[in-house]
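The values are calculated or read from the model by the stated rules, or taken from the named source; none is laboratory data. Given the structure is predicted, the values throughout are model-derived calculations rather than measurements. No Cβ is skipped: glycine too gets one built from the backbone with ideal geometry, and neighbour counts run over all protein chains shown. Protein only, heavy atoms only, side chains kept; ligands, DNA and RNA dropped before computing areas. Shrake-Rupley method; radii C 1.70, N 1.55, O 1.52, S 1.80 Å.
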Amino acid sequence: ICVPVSDEQLATIEKFFEDTKGDGYDWPGMILSKVTPFFIKRTGRWYCSEWIAYALRLICVVDNLYAYADLTPQRLHNLLHKYHEKN
């Protein structure tokens, strides 16, 4: 899904990437959240869909993406698809 951004928004995403590129994937959080009834999140680690949602929120493209504790790649796709259809 294409999300058009301005040069300023692109610079913000690039800075966010530079700030987080070594953080890594939250494997322990993902695994433990699947086998326990709790949502487990390690600070400084990301899920792919979570990183994308946070970046889009930083540049004020979509407001409510980061409100989901269980933002799976499929849910992110569905939400962005609905957003894209509206605009």
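Some notes on this structure:
- Among residues of region 36-63 that are under 14 Å from Gln9 (Cβ atoms), those with a Cβ under 9 angstrom from a residue that is open to solvent by 40 Å² or more (accessible area, probe 1.4 Å) and at pLDDT below 80, sequence gap 6+ or separate chain, pair up as Tyr54/Tyr66; Leu56/Tyr66; Arg57/Asp63; Arg57/Asn64; Arg57/Tyr66; Val61/Tyr83; Val62/Tyr83.
- Condition met for Ile13 (in contact (Cβ under 8 Å) with a residue 24 or more places away in the chain and open to solvent by 50 Å² or more (accessible area, probe 1.4 Å)): no
- Candidates Asp19, Asp23, filtered to the one that is of a type in the set (Asp, Glu) and not in a helix (DSSP H, G or I): Asp23
- One residue stands out in region 33-57 among those that are part of a helix (DSSP H, G or I) and open to solvent by 90 Å² or more (accessible area, probe 1.4 Å): the one that is farthest from Tyr83 (Cα to Cα), namely Val35.
- Condition check for Cys60: exposed (fewer than 15 other Cβ atoms within 10 Å of the Cβ), under 18 Å from His84 (Cα atoms) and modelled with pLDDT of 80 or more: yes
- Checking each residue in region 1-32 for being of a type in the set (S, T, N, Q) and within 27 Å of Lys82 (Cα to Cα) picks out Ser6, Gln9, Thr12.
- Region 21-30, subset closer than 19 Å to Leu71 by Cα and open to solvent by less than 90 Å² (accessible area, probe 1.4 Å), residue modelled with the highest pLDDT: Asp23
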